[in-house]
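One structure below.
The values are calculated or read from the model by the stated rules, or taken from the named source; none is laboratory data. All of these numbers come straight from a predicted model, not from anything done at the bench. Cβ placement follows ideal geometry from the backbone for every residue including glycine, while neighbour counts extend to all protein chains displayed.
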Amino acid sequence: MASFWAPLRPFAPLFWAAGTLLLLELGLEVRASSRGYRAVLLKRGPGVAMPVGTTSFPFRSREPEPRDRAPLWLASSSYGEDVSLPVEDLFATLLAERLGRPVINASHGGYTLRSNLEELEREGPRFHPRLVLLYQMSNDIDQLSERLAAGLPASQAPGAPASASESFAPVSPWVQQLTTYRQLKSQVSSRLAEHLPLWDDLSDPSAIDAFREHVAAFVDGVEALGATPVLITFATAYTPSDANAIPRSVARQNLAMNIVLSPLGWTRSVERFNVVLVNIARERGLVCIDLAAELHGHPELFRDLWHFTPAGHARVAELLAAGLLRSFPELAP
């Protein structure tokens, strides 16, 4: 046995380091999954499909039954999924109650417009949604700004998945999913980023064009499914006019997600991209619910820059229901 281990002794420090990191990752994953967040190694959390009967229904909402009227589909990210709150408090659930019909909450943390489209094309046909609501933006801003900062073109080839070489972070996408990496990025890189020369704007025309292309592709995918797209402007707790009032803890949380844009640059990007949404809706004759205009100046409805408090979820459900019933009176219960 001693002769077996002898050649490995020079590598003992590496084994100890790897073992320590593995134990740290497992400990952090147990903590994260107990709070409802995804865990890569333990395969737990809301990212794993939840079996319901004989089908897979990986959404934080009630699964429609055959007797239900055509459901609505919400395409969003962590703002709609919101694993920190009970399903009953989410705006998708509250909207379903107001309309008296199911709303499939196809919201997943980390999703972009492309991810939403891929899931809609994969899962949508079996549910035949009547309307598809799009509430998505921040992850696309993060992705586009990081690509530009890395010297890469804003837009990828259609259908091409992101690769490690196309990421601003110098580690593989798999490593970026680890809880240890996310904690280090949140606690360390956000503080370092405060001292970097961050961008105060994302005005590069290629970024605007790329976002427009992604929204247009999503709209095309919805219409190809036989459903009607509804665009929703993205709401934030603060806007460029009051970006200096963003609490430091909230600004750091945003920097943990985006180490390219300053808080001012991030809020300016949201404003620019919201204009893109409104213009696309006007050009294609679509309904656009201006959620941003209604929630401006109400940081009490947010727990950070973009996630809602329970009161915020309730207000969003109220505004969406009113906007939908104005444009689609047939949705009335």
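Some notes on this structure:
- All of Leu324, Leu305 fail the test of being hydrophobic (A, V, I, L, M, F, W, C), buried (at least 19 other Cβ atoms within 10 Å of the Cβ) and over 26 Å from Glu223 (Cβ atoms), apart from Leu305.
- Candidate set from segment 308-318 (those that are part of a helix (DSSP H, G or I) and crowded, with 20+ Cβ neighbours inside 10 Å); member that is farthest from the chain's Cα centre (by Cα): Arg315
- Qualifying residue in segment 158-166 (condition: out of contact with any Phe, Trp or Tyr (no Cβ under 9 Å at 6 or more places or on another chain), assigned to a helix (DSSP H, G or I), at pLDDT below 55 and surrounded by fewer than 19 Cβ atoms within 10 Å (Cβ to Cβ)): yes
- In segment 298-313, the qualifying residues are those that are touching a strand residue (DSSP E or B) at 6+ places or on another chain (Cβ under 9 Å) and touching a residue at least 12 places away in the same chain (Cβ under 8 Å), and the one that is nearest to Gly80 (Cα to Cα) is Phe308.
- Where helices (runs of 4 or more DSSP H) sit wholly within segment 238-304, those with at least 1 residues that are polar (S, T, N, Q) occupy 248-257, 263-284.
- Members of segment 219-233 that are surrounded by 20 or more Cβ atoms within 10 Å (Cβ to Cβ) and in a loop (DSSP other than H, G, I, E, B): Ala227, Thr233
- Looking across segment 98-150 at every residue that is closer than 18 Å to Asn254 by Cβ and among the hydrophobic types (A, V, I, L, M, F, W, C), the one that is surrounded by the most Cβ atoms within 10 Å (Cβ to Cβ) is identified as Met137.
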